[in-house]
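The values are calculated or read from the model by the stated rules, or taken from the named source; none is laboratory data. Just so it is clear, the structure is predicted and the values come from calculations on it, not from any experiment. Cβ: placed from backbone, ideal geometry, glycine included. Neighbour counts: every protein chain shown. We work out accessible area using only protein heavy atoms, side chains counted, and drop any ligands, DNA or RNA first. Shrake-Rupley method; radii C 1.70, N 1.55, O 1.52, S 1.80 Å.
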Amino acid sequence: MSLDQNLDKILIIDFGSQFTQLIARRIRELRVFCEIISHKKIKNSIINKKTKGIILSGGPLNVYEINKYSFDEKILENNIPILGICFGHQILSKINGGRVKQSKHREFGLAKIYKRRSSLLTKNYFKREKFKKAWMSHADQVSKLPKNFQVVASSKNSKFAIVENKLKNFFGVQFHPEVTHTENGKKIISNFLFLICKIKKNWSSKDQKIKLIKEIKDQVGSKKVICALSGGVDSSVVAQLLNKAIGKKLYCIFVNTGLLRKNEEIQVVKTFKKRLKMNLIYVNAEKEFISKLNNVSNPEKKRKIIGNLFIKVFERYSKKIKNVKFLAQGTLYPDLIESKSVTGSQTSKIKSHHNVGGLPNKMKLELVEPLRFLFKDEVRKLGLELNLNKEIISRHPFPGPGLAIRMPGIITKNKIEILKEADDQFIRGLKEYGLYDKIWQAYAALLPVKTVGVMGDNRTYEYLCLLRAITSQDGMTADFYEFKKSFMQTISNRIVNSIRGINRVVYDITSKPPSTIELE
Ligand code: XMP
């Protein structure tokens with residue numbers, strides 16, 4: 001499945017590294033098109049004159065487990081520059097006649113990389129410094145270099161930290177230039193792209209917009225499409241793309257589950273129906289959701305009830321639109337890789353994804369998933385290109401089950417109202433203090449515990465409000481955000497003073513892992 005046959009590209013051969021997607025993101029940030037393909041699926045016939053460079057990713061394998069990592073080695077004979085990263089560096093060395101063995105010292109974390117000789121790959125990488133800090137994560141290492149390879153840089157434990165074969169344009173790095181911990185790592189990637197592969201910048205939001213609108217038109221023709229609009233970034237961008245491509249043939253269904261953030265439904269109607277003039281069907285299913293959740297406190301049960309009911313409601317309303325042939329979804333590239341490994345490599349399944357799962361089979365609808373090859377940051381840029389306002393584009397992620405999973409224990413109308421207010425206070429505070437865009441996700445939760453407080457001369461006995469704010473790259477790992485005391489004090493005071501039902505505020509300081517971002 002190739003995204004675009006006509007664009008020059010860098011091909012990333014994935015050996016199952018947790019960082020493969022990061023390599024792709026770095027390349028696309030440099031505005032170059034790239035694709036990821038599994039080592040199991042790559043065939044030499046896939047390589048053509050549009051392939052300007054190949055990157056071999058890291059991975060959990062061992063170069064001597066030949067049966068597990070086998071791939072078409074002819075790929076290395078196409079006269080195309082190759083960069084091997086970590087495991088990719090080891091395979092490149094081994095295939096070319098070098099040796100790889102278990103390291104005496106496993107290296108995980110930062111190591112100092114010292115320059116040994118100049119190379120195009122490291123042009124302006126070291127600058128005037130003797131060494132750079134680089135992120136290592138390996139148990140094996142190259143112990144003997146193949147013929148015609150030379151050492152460009154070494155670390156204390158890895159003599160062959162950066163190597164090259166100038167004749168063939170083969171390069172190997174034992175560390176991970178794609179992770180942000182590696183100082184100036186992006187320079188190595190950009191040198192590989194622009195100095196070695198000589199590829200030109202060809203990937204921008206404007207290019208994507210034009211291409212995706214055309215693809216949608218080609219796929220859908222004059223048929224009708226339905227779309228579940230949540231008001232989040234992904235579904236909003238999908239809806240607007242389809243709006244531009246097919247206008248009134250698109251029907252968006254927005255279900256108010258009663259578990260949304262304060263005034264969310266009003267904003268969605270205002271933006272999509274009034275401003276962007278889309279066919280928007282607004283469904284107020286608040287009562288149905290609250291009654292189905294009555295007395296349910298088990299997190300998984302909550303999720304199942306909400307997921308199933310959402311599908312039922314969506315189905316009920318979509319049946320009212322005749323002759324629908326397609327369902328549009330905001331599936332992203334990482335969604336595909338996370339849930340079923342689009343590349344076919346062994347990255348483990350992390351979580352099954354939600355969207356409107358289950359619908360297409362039952363309703364016999366074909367899927368339109370225009371964002372399936374994009375990363376979240378690319379979707380945001382595309383949204384701006386599509387004239388969606390910044391409010392929608394920079395919105396923090398919000399889970400499908402909504403406030404239900406930010407309210408451990410049973411759900412009541414009263415608790416929802418309290419939580420909506422607390423969340424609103426927190427988020428408005430973040431915006432007021434210019435913190436919202438520095439934080440990946442923030443929210444308030446209501447814990448099912450009451451504690452004693454004192455207000456004026458009166459004793460109170462009310463709920464505990466938990467605030468969570470995290471920094472993250474992609475939601476897979478996260479760290480808590482460090483606020484100034486004065487900000488926390490302001491928010492805590494505002495919440496306790498303005499919301500009847502909360503008399504204590506706590507801040508969640510756990511990272512992910514071991515915690516998750518949501519509470520349930
Ligand atoms: P966790 O809690 O697993 O969350 O650390 C990671 C990210 O995923 C979001 N999340 C969901 N998003 N439907 C969604 O659309 C869901 O069921 C769901 N559960 C978690 C969460 O908000 C965070 O950004």
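Among the residues of region 381-411 satisfying the criterion of being small (Gly, Ala, Ser) and either assigned to a loop (DSSP other than H, G, I, E, B) or away from the ligand (no atom under 16 Å from the Cβ) (or both), which is surrounded by the most Cβ atoms within 10 Å (Cβ to Cβ)? It would help to see each step written out before you state the result.
So the first thing to find is which residues in region 381-411 are small (Gly, Ala, Ser), and the list is 383, 394, 400, 402, 404, 409.
Still in the running and either assigned to a loop (DSSP other than H, G, I, E, B) or away from the ligand (no atom under 16 Å from the Cβ) (or both): 383, 394, 400, 409.
Numbers: Gly383: 24, Ser394: 13, Gly400: 19, Gly409: 14.
Restricting to residues being small (Gly, Ala, Ser) and either assigned to a loop (DSSP other than H, G, I, E, B) or away from the ligand (no atom under 16 Å from the Cβ) (or both), the top hit is Gly383.
Go through Gln473, Gln441 for me and flag whichever is in contact (Cβ under 8 Å) with a residue 40 or more places away in the chain, more than 20 Å from Pro299 (Cβ to Cβ) and of a type in the set (S, T, N, Q). Explain how you work it out, then say what you get.
On the way: Gln441 fails: more than 20 Å from Pro299 (Cβ to Cβ).
Result: Gln473 is the single residue among Gln473, Gln441 that is in contact (Cβ under 8 Å) with a residue 40 or more places away in the chain, more than 20 Å from Pro299 (Cβ to Cβ) and of a type in the set (S, T, N, Q).
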Among the numbered criteria (1) free of Cβ contacts under 8 Å to residues at least 24 places away in the same chain; (2) more than 16 Å from the ligand (Cβ to nearest atom); (3) part of a loop (DSSP other than H, G, I, E, B), which one does Pro514 miss? (2)
Could you look through region 362-371, keep only residues that are assigned to a loop (DSSP other than H, G, I, E, B) and more than 16 Å from the ligand (Cβ to nearest atom), and pick out the one that is most open to solvent (accessible area, probe 1.4 Å)? Lys364
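Have a look at Ile213, Ile226, Ile196, Ile188 and point out the one that is open to solvent by less than 60 Å² (accessible area, probe 1.4 Å), touching a helix residue (DSSP H, G or I) at 6+ places or on another chain (Cβ under 8 Å) and without any contact (Cβ under 8 Å) to a residue 60 or more places away in the chain.
Working: Ile226 fails: without any contact (Cβ under 8 Å) to a residue 60 or more places away in the chain; Ile196 fails: without any contact (Cβ under 8 Å) to a residue 60 or more places away in the chain; Ile188 fails: without any contact (Cβ under 8 Å) to a residue 60 or more places away in the chain.
Every option except Ile213 fails the conditions.
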Tell me, which residue of region 294-309 that is out of contact with any Asp or Glu (no Cβ under 9 Å at 6 or more places or on another chain) and in a helix (DSSP H, G or I) is surrounded by the most Cβ atoms within 10 Å (Cβ to Cβ)? Ile306
Residue in region 142-153 that is farther than 14 Å from Val100 by Cα, within 28 Å of the chain's Cα centre (by Cα) and surrounded by 16 or more Cβ atoms within 10 Å (Cβ to Cβ) present: no
Single match in Asp437, Asp508, Asp457 (criterion: at negative phi and within 14 Å of the ligand (Cβ to nearest atom)): Asp508
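To keep it simple, each residue is scored yes or no on (1) at positive phi; (2) in contact with a Phe, Trp or Tyr (Cβ under 8 Å, 6 or more places away or on another chain); (3) not in a helix (DSSP H, G or I).
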residue	(1), (2), (3)
Ala153	no, yes, yes
Asn157	no, no, yes
Lys168	no, no, yes
Gly172	no, yes, yes
Lys187	no, yes, no
Leu193	no, no, no
Asp207	no, no, no
Lys214	no, no, no
Within region 67-97, track down each residue that is assigned to a loop (DSSP other than H, G, I, E, B) and either charged (D, E, K, R) or surrounded by fewer than 22 Cβ atoms within 10 Å (Cβ to Cβ) (or both). Ser70, Phe71, Asp72, Asn78, Asn79, Ile80, Asn96, Gly97
Output the qualifying pairs, or none if there are none: Cβ atoms under 7 angstrom, residues six or more apart or on different chains, first residue in region 353-373 and farther than 18 Å from Gln219 by Cβ and not assigned by TED's automatic domain parsing to the domain that holds Thr331, second residue at pLDDT 60 or above and aliphatic (A, V, I, L, M). none
Would you mind telling me which numbered condition in (1) in contact with a Phe, Trp or Tyr (Cβ under 7 Å, 6 or more places away or on another chain); (2) open to solvent by 10 Å² or more (accessible area, probe 1.4 Å); (3) of a type in the set (Val, Ile, Thr) Val32 fails? (2)
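Mind counting the residues in region 278-293 that are loosely packed, with under 12 Cβ neighbours inside 10 Å and in contact (Cβ under 8 Å) with a residue 24 or more places away in the chain?
Going residue by residue through region 278-293, those that are loosely packed, with under 12 Cβ neighbours inside 10 Å are 287, 291.
Filter once more, keeping what is in contact (Cβ under 8 Å) with a residue 24 or more places away in the chain: 287.
Here the count works out to 1.
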Residues that are away from the ligand (no atom under 16 Å from the Cβ) and in contact with a strand residue (DSSP E or B) (Cβ under 6 Å, 6 or more places away or on another chain), drawn from region 467-495: Ser492, Ile495
Which condition number does Arg99 fail, the rest of (1) in contact with a Ser or Thr (Cβ under 9 Å, 6 or more places away or on another chain); (2) within 27 Å of Phe33 (Cβ to Cβ); (3) modelled with pLDDT of 90 or more being met? (2)
